[in-house]
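Written out below as structure tokens is the structure these notes cover.
Read the figures in this text as sums done on the coordinates, not as results from a lab. Everything numeric here is computed off the predicted structure, so don't read it as measured data. Backbone-built Cβ (ideal geometry, glycine too); neighbour counts: all protein chains shown.
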Amino acid sequence: MLDTVQALASLFSNRSILKIFHGSDYDVVSLKRDFGFQVGPIFDTALAARAAGIRQFSLQNLIETYFQVKLSKRYQKANWKLRPLSKEQLDYAALDTVYLYRLYQILTEAVGKTGRLDQLEEECQLMEAITWSGKDFEPNDYLRIKGSRALSEKSQLILRELIVARDQLAKERDHPPFKVISSRHLILLSEKMPQDEAELLKLFPKINRAISNNIPLWLAAIQKGIEANEPLPGRVKSQNPPLTSGQEKLLKVLKTWRNTQAETEKLEPAMVLTGNVLKEVARLKPKQMEDFESIPSMRQWQIKRYGEVLIAIVGEGKSP
């Protein structure tokens, strides 16, 4: 067992060795953020599967499809921080990688047949450049939780205190916050506002260790939220103004074209152009190919493949 992973740094940065991942974004970000590694070149089997038009592109589905092997999910939610790892956990982890090289070969051929190798190459290169864009925790991050804005003002104040408590517990245990308690459960606590242990446990009829092992913490956070009187944060204004009515109409036309194009190419619509890119096209109304360079999130392969058509749609205001 390695005392430090720094010995792997030169391997990850060696451009003569291809690194094959499935869903590489979090892995690459973590390796850069936690260890300062540079990673490349990359081949991502999830990106390749999507470029090949495969809708069920999870690693498990790909392995079942191409190798008729059903991977066990037994250790998917195991505590991988515990050491030493069991033989079963090591075998489980190995199976996640043992098929990657063969998938690389199969999917490269499949993407080649669709004529989208340039797309895959650019997407994998962009994955090399991905970095940690997160920020330090702050209490008003509660607004990022789905459903938080629909809560009453008092429930929002409670939710804010609950995520502070969750973050505290997560740091103590060196766990990601979602591993401590789910946001769904925090929303429930914020809505029901239990005042004592009996009321709190009544909300969770099934054994929930995250709740039962930390009852004083959650009750204290709820009480603090009830007593809070500071104002809630306002909505963060977008840097871009809302689309005009004319731009909205153009966006609708662009989405209709995009969806039809996706059906023709047998791709997910987002693999043609995302909604955000279409919105920027509607806002910019490009007249020449060079104009697309003003849209940072638009790929070069997208400009090359769809640029002329988009210019025509913008010019005519209707899908060709």
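Summary of values
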| item | result |
| --- | --- |
| Average Cα contact separation per residue, the chain, under 8 Å, 6 or more apart, as relative contact order % | 15 percent |
| Reach of Lys304 by Cα under 21 Å, taken over lysines that are not fewer than 8 positions away in the same chain | Lys113, Lys255, Lys266, Lys279, Lys285, Lys287, Lys318 |
| Helix-only [θ]222 nm of the chain, DSSP H runs n ≥ 4, -39500 (n - 2.57) each, per residue, nearest 500 | -17000 deg cm²/dmol |
| Where only C-alpha atoms are counted, convex hull volume of the stretch 231-320 per residue in Å³ | 113 Å³ |
| Values of log10 I(q)/I(0), in the order q = 0.13 Å⁻¹, for the stretch 5-129 under a Debye, Cα-only, solvent-free model | -0.59 |
| Between the stretch 94-171 and the stretch 261-283, the Cα center-to-center distance that results, in Å | 20 Å |
| The stretch 139-227 - Rg and Dmax from Cα coordinates, angstrom | 11.8, 32 |
| Answer label, with percent of Cα pairs over 34 Å apart calculated from the coordinates and candidates (1) 23; (2) 51; (3) 45 | (3) |
| Sequence-separation-based contact order of the stretch 92-178, relative, with Cα cut under 8 Å and 6+ spacing, percent | 17 percent |
| Long pairs among Lys192/Lys224; Lys77/Lys192; Lys77/Lys224, criterion Cα-Cα beyond 26 Å | Lys77/Lys192; Lys77/Lys224 |
| The stretch 134-183: chymotrypsin sites (Phe, Trp or Tyr not before Pro) in DSSP loop, at most 16 other beta carbons within 10 Å | Phe137 |
